[in-house]
1. Tally up the residues in segment 1-24 that are open to solvent by 70 Å² or more (accessible area, probe 1.4 Å) and in contact (Cβ under 8 Å) with a residue 60 or more places away in the chain, please.
2. Here are some conditions: (1) over 30 Å from residue 421 (Cβ atoms); (2) surrounded by fewer than 23 Cβ atoms within 10 Å (Cβ to Cβ); (3) at pLDDT 95 or above. Residue 35 meets all but one. Which one does it not meet?
3. Please find, within segment 187-208, the residue that is farthest from the chain's Cα centre (by Cα) out of those that are part of a loop (DSSP other than H, G, I, E, B) and surrounded by fewer than 19 Cβ atoms within 10 Å (Cβ to Cβ).
4. Filter segment 233-248 down to residues that are more than 26 Å from residue 128 (Cβ to Cβ) and assigned to a loop (DSSP other than H, G, I, E, B) and give me whichever is least open to solvent (accessible area, probe 1.4 Å).
5. Picking from 250, 236, 225, 264, which residue would you name as being farther than 29 Å from residue 155 by Cβ and either among the small types (Gly, Ala, Ser) or out of contact with any Gly (no Cβ under 7 Å at 6 or more places or on another chain) (or both)?
6. Taking residue 276 and the conditions (1) open to solvent by less than 60 Å² (accessible area, probe 1.4 Å); (2) in contact with a helix residue (DSSP H, G or I) (Cβ under 6 Å, 6 or more places away or on another chain), which numbered condition does it fall short on, given that it satisfies the others?
7. Can you name the residue in segment 289-318 that is on the phi < 0 side of the Ramachandran plot and part of a loop (DSSP other than H, G, I, E, B) and is also least open to solvent (accessible area, probe 1.4 Å) among such residues?
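The values are calculated or read from the model by the stated rules, or taken from the named source; none is laboratory data. All values derive from a computational prediction rather than experimental measurement. Cβ sites come from the backbone with ideal geometry, for glycine too, and all protein chains shown count toward neighbours. To get the accessible areas, we keep the full protein, side chains included, count just its heavy atoms, and leave off ligands, DNA and RNA. Shrake-Rupley method; radii C 1.70, N 1.55, O 1.52, S 1.80 Å.
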Amino acid sequence: MRQIHLSAFLIAGHVAHSHALWRHPQTELGFFQPEIYQNTAQILEQGKFDLVFFADRLAMGDGYGQNLEVGLHYGDQDAARLDPVPVLAMMAASTQYIGLGATRSTTYYHPYQVARTFASLDHLTRGRVAWNVVTSVNNGEAQNFGLEEHLEHDQRYNRADEFMEVTFKLWDSWQEGAILLDRDNGIFADPSKVNYIHHQGEWFKSRGPLNIPRSPQGHPVIIQAGSSGRGKEFAARWAEVVFTIQPNIARAKDAYIELKSRMAEYGRAPEDCKILTAVMPFVGETEAIALTQQSLHNELVHPLVGLSTLSNHTNYDFSQHALDEPVEKLEIPGMRGMFDLVLKLSQEEGLTLGDIGKLYGASVLVPQLVGTPTQVADQLEMMFQAQACDGFVISPAYLPGAFEEFVKFVVPELQRRGIFRTEYTGKTLREHFGLKYPENTFAKLSR
């Protein structure tokens, strides 16, 4: 039977999609300490999750009003974040099976840096690592790296395509069996199985080889979340796990079919990529209790905190517009797919900019699932069986309790229905997702 895949979404800071997270009375504060992340990873591993991954950005948010005031005052998504890569190392040390993913930008790093970081992590976790590929979204990030403004949307993806080509070449620069460790004859490695890559393109130049042997997964699992037309093309070519935010099952099904169809253009089979749609569960002993939990959470959100994050996501200053007006059609340089969803909600439901700010702050438009464990499992199963996704990204409303409740109450219900694993059957993240191990390009050429 087809099985659901589960990932958890986190930011190494005070919020996730929920901007109420740090204010919630059930949240354990301590976002700059290792224990909260290690404890969370252990809870998710008890629930047999495939993966936990961290979103990231490289600047504080000053998009709303072109200053730090609103973002810092209310604590938007970019007010404070740890680098997720060291956090993964801390989580890896306290777990054995769960996959661990972190974000790195193709706009502000070099392929050699990223290839080396993730190859190292894949070795140290024995093959449990994923790279969440982003192109970055706003001018604040550009200015932190000595540039005046961010690259144009499609240019970012053009650069990202070449970035992936170089990174994959570096990961493949060591063939299997290159390390010999022949003590008797004093032979460390076979030089014939280590290759220069000699890449010289429009954006990057790299000689190679990487100074790390091929890692347990061949290369880390590639996660991507682009929802614009160009982002979907990038995902169809490179992504092995796609993270989506869809407002309803109809939109999720359309997006699922479109991406799976696009993959054929790059010679990829539909099963080569798992599409996971995000949900934020509120689970209660009764539906009324769950609804009360949802209401408590959502009332903790100020409209301006949502608009601050939306400004940072879209690289557009929404302080220019009145809160009591509907959202206008605008040319957005940042996350276009997300803004299109905002615009559609405003037009279809008559929402003002202030309403959108409240919604965005509550969940960044991630759908909230509310009910008893059976009711929440029913909703997940319905979406899954309707071929709207291959699984779900669970986004917490508070930490670590939201994950504890999901693992304790919803996971057993999914297991009882036979649509989610009861034990891990593989050791690597690639095996959890049922993904192929990549063939080494240089080894293929030498045959």
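1. Final tally of qualifying residues: 3.
2. (1)
3. First pass over segment 187-208, keeping only residues part of a loop (DSSP other than H, G, I, E, B): 190, 195-198, 201-204, 207-208.
This time we only want the ones that are surrounded by fewer than 19 Cβ atoms within 10 Å (Cβ to Cβ), so: 190, 196, 198, 201-204, 207.
Details: 190: 37, 196: 31, 198: 31, 201: 28, 202: 28, 203: 25, 204: 25, 207: 30 Å.
It comes out as 190.
4. Taking segment 233-248 and keeping what is more than 26 Å from residue 128 (Cβ to Cβ), we get 233, 246-248.
Pick out the ones that are also assigned to a loop (DSSP other than H, G, I, E, B) and you get 246-248.
Details: 246: 28, 247: 47, 248: 75 Å².
Checking each candidate, the answer is 246.
5. Working: 236 fails: farther than 29 Å from residue 155 by Cβ; 225 fails: farther than 29 Å from residue 155 by Cβ; 264 fails: farther than 29 Å from residue 155 by Cβ.
Matching residue, one of 250, 236, 225, 264: 250.
6. So the condition that residue 276 fails would be (2).
7. So, considering only residues that are on the phi < 0 side of the Ramachandran plot and part of a loop (DSSP other than H, G, I, E, B), the one least open to solvent (accessible area, probe 1.4 Å) is 301.
Okay, residues lined up against (1) surrounded by fewer than 23 Cβ atoms within 10 Å (Cβ to Cβ); (2) more than 26 Å from the chain's Cα centre (by Cα); (3) free of Cβ contacts under 8 Å to residues at least 60 places away in the same chain; (4) on the phi > 0 side of the Ramachandran plot:
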site	(1), (2), (3), (4)
281	no, no, no, no
327	yes, yes, yes, no
336	yes, no, no, no
362	no, no, no, no
